[in-house]
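Heads up, the thing below is written out as structure tokens.
Every number here is computed from the coordinates shown, using simple stated rules; none is lab data. All values derive from a computational prediction rather than experimental measurement. As a convention, Cβ positions derive from the backbone with ideal geometry for all residues, glycine included, and neighbour counts pool all protein chains shown.
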Amino acid sequence: MTAPIQQNQLLALIVDDEPFFRTVLRLFLEQDGYRVAEAENGTEAINVFEQLHPDIVLLDISMPDMDGFECCHKLHSLAQGQNTGATRKSWVMKGSVKGTKKSRMPGQDV
């Protein structure tokens, strides 16, 4: 069941090349009252980020066109250059199901 959308809800952007993981995350976030946008790769994530200015970005590390680290750096640069007139920040959480130390790096504040 999807919660009704309200104007004051936070917007989450889910970035993952696997539709299953996007769907699962979407369901959990919507249950918690978030509005959700999705992107299936880093390039699409950058476009969505520029258009919607999400409050939080859940970012997969292993993606085919641009890995999550490169995407995160680009999102950070975009956020620094945006002059929206507000002091709003987006949080980027990076994650992967892989067990490497690099895949468990903490998120960034952009």
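Obtain the nm distance between the two label points defined at Thr43 and Ser62 by a simple spin-label model: each point lies 7 Å from its Cα along the Cα-to-C-beta direction.
The answer from the label model is 2.2 nm.
Within segment 27-61, find all residues whose amide N lies under 12 Å from a label point positioned 7 Å from the Cα of Asp17 along Cα-to-beta-carbon.
40-43, 60-61
Once both labels are modelled 7 Å past Cα along the beta-carbon direction, what's the Leu78-Val24 spacing in nm?
Between Leu78 and Val24, the label points sit 2.5 nm apart.
If each residue's Cβ is checked for other Cβ atoms within 10 Å, how do Leu11, Leu52 rank with the fewest at the top?
Placing the least packed residue first, the sequence is Leu52, Leu11.
Amide H neighbours of Ala37 under 5 Å, at least 5 residues apart or on other chains, H built in the peptide plane: list them.
Result for Ala37 returns Ala12, Leu13, Ile14.
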